[in-house]
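Visitor: The structure follows.
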Amino acid sequence: MISISKATQRIGDLRKELDRHNYLYYVQSAPQITDFEYDMMMNELIHLEKLFPELSDPASPTQRVGDDINREFNQVEHKYPMLSLGNTYSREELTEFDNRVRKSIGDAFSYVCELKYDGTSISLTYSGGVLKHGVTRGDGFVGDDVTENIKTIRSIPLVLHGSGFPDEFVIRGEVIMTHEVFAKLNREREAKGELPFANPRNAASGTLKLQKSQEVARRQLDCFLYYLLGEQLPTASHFGNLEAAKNWGFRIPPYINKVNTLNAVFDFIDHWEKERKLLPFDIDGIVIKVDSIDQQNELGFTAKTPRWAISYKFKAEQVITRLLSIDFQVGRTGAVTPVANLEPVQLAGTTVKRATLHNADQINMLDIRIGDYVYVEKGGEIIPKIVGVDTEKRTENSKKFEYIKNCPDCGAELVRQEGEAAHYCPNEQDCPPQVKGRIEHFVSRKAMNIDGLGEEIIDLLYQTGLIKNIADLYDLTIDDLIPLERMGKKSAENIITGISTSRNVPFDRVLYALGIRYAGETVAKKLAAGFSSVDLLARAEITELLKVDEIGTKIAESVVQFFRNKNNLLIIERLKAAGLQMESVQKRSMFSDKLKGKTFVISGTFAGISRDELKEMVGNYGGKTSGSVTSKTDFLLAGENMGPAKLQKANELKIPVIGVSEFYKLLGKDE
Ligand code: IVH
């Protein structure tokens, strides 16, 4: 076996080489070796670090591969609060901003123009040239420590290059997902029957909050850095600091301009308003910053935003095209949505053929007629919408549009409730898209999580009369499935196993799966916490329901209505007989109100119990938990490796700091 001194030497060399090639590939886009050679070096380093665990290092390039540990995020206080930017939407508003700046600091200054990257912001702390923390924005004061996930982003240096960096500083930026990675991720999700992300921004922020860093690594996030903070920054200019950061190995976006006039700012805006389509990632505007740090300090901040910077937001991209016809889609709740068929047109990089129209009121308000030329807009979401009509282009052939009176699928007369924008098909039991939609919702991942039952198979099962409702699923056998078109024995077995295992899904998710209108995941959890069984919930009156946290009249009425329906009650009886979880495993009555009125902050890690379990216990005993220590905190429950800032704050505010055994004592339990 290799000696420790040789291993130390080799590990050091490999780390240096891998860091260098990583930088050449991800920051400079100028690789010098093949992917294969890189992988071989990485494998050798992983192997050596396994042999000599004492030589491991949190800043080693091996940390970028991620792992499959399910981690919870510690909350970390931002040394400098993460503020947002004021928004402007017009040149007039920008001119007003410029006037305010001039009034305060005179005319001798420069602006730095940057792109406004549309992702999720991140704050990185470096100490002694090594990445220490990557923290999300959170509420601006306290965010989640997502360091392990951040390390998987190859363009973020784990160890800085060169010299001259302050011993301690913060650098902020935007974590983004490129169009290419986003499209690939959504294709994969759809193939697995998972819901696609609505836009790259949601995909980036969802990915950054994943618990397993290995999955984050697979998703290839990227990051643009745009702001340095610290006591000993290299220069007194924002632009200069970004240039310096470039030399330390950061990827500073090349789309930056330092200018001296407002007109030059407008030129920058004009340029990117046109060119942004060509960028491989989303931006939603431009950011303008006063360059000099001294002048920034002179201008200062309002409560929420700096006075030295502002964003100019682009209007959503719009095109004009012809409205050919309108279809109607019926969802699982019976809500009818009008969908426009359009003459195909290019918009923000994709061909658009269909767009949503929301409801009848919107169609009337916009006075949309078939054959009209309509404005189609793509905001942050994938599905475009119609936002207006060009009445000047209207021809005599355009047809005034009559909203349908009957369901396009089952023919039932549509109803519209007081105060509701949508029309509904009332034929809950027999209207095919409603029945199929409810089954699709029931089997979906966040509900009963039954694999293999996609839209097509549910359609087949429904067409052939094998299932007419969710309870019928539990009567299915392998022999029922095998004769279906394109159904192999293995897939049939998987489906039946999936249905069978779903009997263990906990009560709150069963409640969500039932598809009670307005009862999403969170509401279902609250209902399950308030009523420990489906029988109790079914008997609940509006007044009792309203006592449950976050349940308002609309939800309460919908729950009562659901359980008044005889068909629903029959289905629930059958699901009970099939062995589904129809009550909470922990009954509330087991607990007391010992912690009523007490607020806990739980920080660090605890032997034998997770932070989430502790949080749940606090809730079960009537207490509350919060993420940050304030004067309202009653106890800081402190574990190993807790954030020093929290401890300091608790000491300052004289808040008792307790361990797990003292916590158990408060509950009247011994450990
Ligand atoms: S500077 C104190 N520069 O926009 C000012 N922000 O509402 C700090 N953003 O949350 C922000 N691109 O996530 C700055 N070039 C850029 C940016 C940028 C995107 C995001 C950032 C922030 C939000 C402002």
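Visitor: Just for helices (runs of 4 or more DSSP H) wholly inside the stretch 479-541: which have at least 1 residues that are under 16 Å from F563 (Cα atoms) and among the small types (G, A, S)?
Guide: 507-513, 521-530, 534-539
Visitor: Filter the stretch 457-490 for residues that are within 34 Å of the chain's Cα centre (by Cα) and acidic (D, E) and give the result.
Guide: D459
Results for (1) open to solvent by 70 Å² or more (accessible area, probe 1.4 Å); (2) farther than 29 Å from K151 by Cα; (3) modelled with pLDDT under 95, shown as yes or no for each residue.
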| residue | (1), (2), (3) |
| --- | --- |
| A217 | no, no, yes |
| E231 | yes, no, yes |
| T235 | no, no, no |
| K258 | yes, yes, no |
| G285 | no, no, yes |
| K289 | no, no, no |
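Visitor: Tell me which residues, restricted to the stretch 285-302, are within 13 Å of the ligand (Cβ to nearest atom) and either over 24 Å from N241 (Cα atoms) or assigned to a helix (DSSP H, G or I) (or both).
Guide: I293, Q296, N297, L299
Visitor: Between a first residue in the stretch 1-29 that is closer than 17 Å to F250 by Cα and a second residue that is among the aliphatic types (A, V, I, L, M), which pairs have beta carbons less than 6 Å apart while being 6 or more apart in sequence or on different chains?
Guide: L18/M41; H21/I33; L24/A30
Visitor: Can you name the residue in the stretch 138-149 that is part of a helix (DSSP H, G or I) and in contact with a helix residue (DSSP H, G or I) (Cβ under 8 Å, 6 or more places away or on another chain) and, of all such residues, is surrounded by the most Cβ atoms within 10 Å (Cβ to Cβ)?
Guide: N149
Visitor: Which of the following residues is open to solvent by less than 20 Å² (accessible area, probe 1.4 Å) and polar (S, T, N, Q): S584, S502?
Guide: Step by step, each of S584, S502 is checked, and only S502 is open to solvent by less than 20 Å² (accessible area, probe 1.4 Å) and polar (S, T, N, Q).
Visitor: Further question: T120 - would you say it is within 17 Å of the chain's Cα centre (by Cα) and hydroxyl-bearing (S, T, Y)?
Guide: yes
Visitor: So in the stretch 14-44, with the set limited to residues that are within 34 Å of the chain's Cα centre (by Cα) and among the aliphatic types (A, V, I, L, M), which one is modelled with the highest pLDDT?
Guide: L18
Visitor: Something else: Would you be able to say whether some residue in the stretch 261-268 is more than 16 Å from the ligand (Cβ to nearest atom), under 16 Å from K378 (Cβ atoms) and open to solvent by 40 Å² or more (accessible area, probe 1.4 Å)? Quick ask: steps written out before the conclusion?
Guide: Initial filter on the stretch 261-268 (more than 16 Å from the ligand (Cβ to nearest atom)): 261-264, 266-267.
Within this subset, residues satisfying the condition of being under 16 Å from K378 (Cβ atoms) are none.
Within the stretch 261-268, not a single residue is more than 16 Å from the ligand (Cβ to nearest atom), under 16 Å from K378 (Cβ atoms) and open to solvent by 40 Å² or more (accessible area, probe 1.4 Å).
Visitor: Looking only at the stretch 424-478, count how many residues are within 17 Å of G334 (Cβ to Cβ) and not aromatic (F, W, Y).
Guide: Result for the stretch 424-478: 20.
Visitor: G240 passes all but one of (1) open to solvent by 50 Å² or more (accessible area, probe 1.4 Å); (2) of a type outside the set (F, W, Y); (3) free of Cβ contacts under 8 Å to residues at least 60 places away in the same chain; which number fails?
Guide: It is condition (1) that G240 fails.
Visitor: Continuing with this model, one more query. Quickly run through the stretch 188-207 and pick out the residues that are open to solvent by 30 Å² or more (accessible area, probe 1.4 Å), touching a Gly at 6+ places or on another chain (Cβ under 9 Å) and not in a loop (DSSP other than H, G, I, E, B).
Guide: R201, N202, S205 - these are the residues of the stretch 188-207 that are open to solvent by 30 Å² or more (accessible area, probe 1.4 Å), touching a Gly at 6+ places or on another chain (Cβ under 9 Å) and not in a loop (DSSP other than H, G, I, E, B).
Visitor: Here is a follow-up. In the stretch 312-324, which residues are within 12 Å of the ligand (Cβ to nearest atom) and buried (at least 19 other Cβ atoms within 10 Å of the Cβ)?
Guide: Y312
Visitor: Sort out for me the strands (runs of 3 or more DSSP E) sitting completely within the stretch 25-137 that have 1 or more residues that are closer than 26 Å to A203 by Cα and open to solvent by 70 Å² or more (accessible area, probe 1.4 Å). Steps first, please.
Guide: On the way: elements: 75-77, 111-117, 120-127, 130-136.
Hits in the stretch 25-137: 75-77, 130-136.
Visitor: Here's a follow-up. Got a number for residues in the stretch 389-415 being open to solvent by 100 Å² or more (accessible area, probe 1.4 Å) and either in a loop (DSSP other than H, G, I, E, B) or within 24 Å of L347 (Cα to Cα) (or both)?
Guide: Residues in the stretch 389-415 being open to solvent by 100 Å² or more (accessible area, probe 1.4 Å) and either in a loop (DSSP other than H, G, I, E, B) or within 24 Å of L347 (Cα to Cα) (or both): 5 in total.
Visitor: Let me ask something else. Output the number of residues of the stretch 155-176 satisfying the condition of being assigned to a strand (DSSP E or B) and away from the ligand (no atom under 16 Å from the Cβ).
Guide: Final tally of qualifying residues: 2.
Visitor: Name every residue in the stretch 127-139 that is in contact with an Asp or Glu (Cβ under 7 Å, 6 or more places away or on another chain) and not hydrophobic (A, V, I, L, M, F, W, C), in order of residue number.
Guide: S127, G128, H133, T136, G138
Visitor: Another question, if that's okay. Does I386 count as under 24 Å from P196 (Cα atoms), crowded, with 18+ Cβ neighbours inside 10 Å, in contact with a strand residue (DSSP E or B) (Cβ under 9 Å, 6 or more places away or on another chain) and at pLDDT 80 or above?
Guide: Spelling it out, I386 is indeed under 24 Å from P196 (Cα atoms), crowded, with 18+ Cβ neighbours inside 10 Å, in contact with a strand residue (DSSP E or B) (Cβ under 9 Å, 6 or more places away or on another chain) and at pLDDT 80 or above.
Visitor: Hey, among the residues in the stretch 177-205 that are within 16 Å of the ligand (Cβ to nearest atom) and under 12 Å from the mean Cα position of the chain (by Cα), which one's modelled with the highest pLDDT? Before the answer, list the steps.
Guide: From the stretch 177-205, those within 16 Å of the ligand (Cβ to nearest atom) are 177-178, 199-205; that's our starting set.
Subsequent filtering for residues that are under 12 Å from the mean Cα position of the chain (by Cα) retains 199-205.
Details: N199: 83, P200: 90, R201: 90, N202: 87, A203: 92, A204: 95, S205: 91.
Within the stretch 177-205, the match that is modelled with the highest pLDDT is A204.
Visitor: Turning to a different aspect of this structure: Could you count how many residues in the stretch 339-362 are in a strand (DSSP E or B) and under 28 Å from the mean Cα position of the chain (by Cα)? If you could, list the steps in order and put the result at the bottom.
Guide: Keep residues of the stretch 339-362 that are in a strand (DSSP E or B), which gives 339-347, 350-356.
Narrowing the set further to residues that are under 28 Å from the mean Cα position of the chain (by Cα) leaves 339, 346-347, 350-356.
Total meeting the criteria: 10.
To keep it simple, each residue is scored yes or no on (1) more than 24 Å from A529 (Cα to Cα); (2) open to solvent by 50 Å² or more (accessible area, probe 1.4 Å).
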residue	(1), (2)
G604	yes, no
E613	no, yes
M617	no, no
K624	no, yes
V629	yes, no
I655	yes, no
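Visitor: Applying the selection to the stretch 208-239, what residues are part of a helix (DSSP H, G or I) and within 16 Å of the ligand (Cβ to nearest atom)?
Guide: Residues satisfying the conditions are L208, H238, F239.
Visitor: Out of everything in the stretch 567-581 that is part of a helix (DSSP H, G or I) and polar (S, T, N, Q), what residue ends up being surrounded by the most Cβ atoms within 10 Å (Cβ to Cβ)?
Guide: N568
Visitor: I need the helices (runs of 4 or more DSSP H) fully contained in the stretch 587-669, keeping only those with at least 3 residues that are free of Cβ contacts under 8 Å to residues at least 60 places away in the same chain and within 23 Å of K526 (Cβ to Cβ).
Guide: 611-620
Visitor: Can you name the residue in the stretch 76-93 that is touching a residue at least 40 places away in the same chain (Cβ under 8 Å) and polar (S, T, N, Q) and is also nearest to the ligand (Cβ to nearest atom) among such residues?
Guide: By that ranking, first place goes to S84.
The values are calculated or read from the model by the stated rules, or taken from the named source; none is laboratory data. Bear in mind the structure is a predicted one, so any value in this text is a computation, not a measurement. Here the Cβ is made from the backbone with ideal geometry for all residues, glycine too, and neighbour counts use every protein chain on show. These accessible areas exclude ligands, DNA and RNA; they are computed on the full protein's heavy atoms, side chains included. Shrake-Rupley method; radii C 1.70, N 1.55, O 1.52, S 1.80 Å.
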